[in-house]
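Report on the structure given below.
The values are calculated or read from the model by the stated rules, or taken from the named source; none is laboratory data. Worth saying up front: this structure is predicted, and the values here are computed from it rather than measured. Cβ: placed from backbone, ideal geometry, glycine included. Neighbour counts: every protein chain shown. The protein model used for the area step is the full one, side chains on, heavy atoms only, and it has no ligands, DNA or RNA in it. Shrake-Rupley method; radii C 1.70, N 1.55, O 1.52, S 1.80 Å.
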Amino acid sequence: GSTLVPLVAEPGPVILAATITDANNLQAVVQVSFTIVTTNEVWVGGGVNPNWGTNANWLSNLAPGYIGDNLIFAGTTSLTPNMDTNYNVSITFSNNAGAFNLGSSNGSVLTLLTPAGISNNSANVETVNVPVVLSGTGTLWAATNTSGLTLTQPISGTGALTMAGPGAAVLQGTNLYT
């Protein structure tokens, strides 16, 4: 069997055309209809590596989709998750989250879903150490005076960035968003 990934995979209804070839080299083209749904995926860090794409790192035992999911980082296990491919998601740090440092060993880019953006509900400063792209108005939220968000890489894209909540945001990269 083969795995087919559509070039564009936005949440919602999708029709995928597939060419099927049998053992006698006879072919048929079929259209497969399905719906891409988004979910909340909770990080538990139980995998053999810290990659976002490792199923065992997520409570559902399924790695998140590349587009549309809300990723929730919770607990204090495996605090340096590796974003191993590009994602278009929103991120929430749970109220019980340790001090996470989200990184990427291969330069993957995080495109923020809008208006959700990045929310920190913990008492810790959370670090996002990957390039960030805005696709609209992104919101950074820090729930307490002691919590905050540090974004160490460039922020680019079209849209605005707003800060909400009593915590602070530190933007350390060369920011090019408009």
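Summary table
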| quantity | calculated |
| --- | --- |
| Set S108, S33: member being closer than 25 Å to V132 by Cβ and either hydroxyl-bearing (S, T, Y) or without any contact (Cβ under 8 Å) to a residue 24 or more places away in the chain (or both) | S108 |
| Only listed residue being β-branched (V, I, T) and under 24 Å from T114 (Cα atoms), chosen from T39, T80, T76 | T39 |
| Strands (runs of 3 or more DSSP E) contained in segment 8-50 and holding at least 2 residues open to solvent by 60 Å² or more (accessible area, probe 1.4 Å) and among the hydrophobic types (A, V, I, L, M, F, W, C) | 12-21, 27-36 |
| Residue ranges of strands (runs of 3 or more DSSP E) in segment 113-173 with at least 1 members closer than 17 Å to A97 by Cβ and over 17 Å from the mean Cα position of the chain (by Cα) | 125-129, 138-142, 148-151, 168-171 |
| Hey, I67 under 28 Å from N121 (Cα atoms), at pLDDT 90 or above and in contact with a strand residue (DSSP E or B) (Cβ under 9 Å, 6 or more places away or on another chain) or not | no |
| Pick from segment 90-103, criterion crowded, with 21+ Cβ neighbours inside 10 Å and modelled with pLDDT of 95 or more, ranking: nearest to the chain's Cα centre (by Cα) | I91 |
| Selected residue (criterion: surrounded by the fewest Cβ atoms within 10 Å (Cβ to Cβ)) from residues of segment 70-88 that are of a type outside the set (S, T, N, Q) and within 20 Å of S122 (Cα to Cα) | G75 |
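One line per residue, one yes/no per condition, for (1) on the phi < 0 side of the Ramachandran plot; (2) out of contact with any Phe, Trp or Tyr (no Cβ under 7 Å at 6 or more places or on another chain):
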position	(1), (2)
T139	yes, yes
N145	yes, yes
I155	yes, no
L161	yes, no
G165	no, no
V170	yes, yes
T174	yes, yes
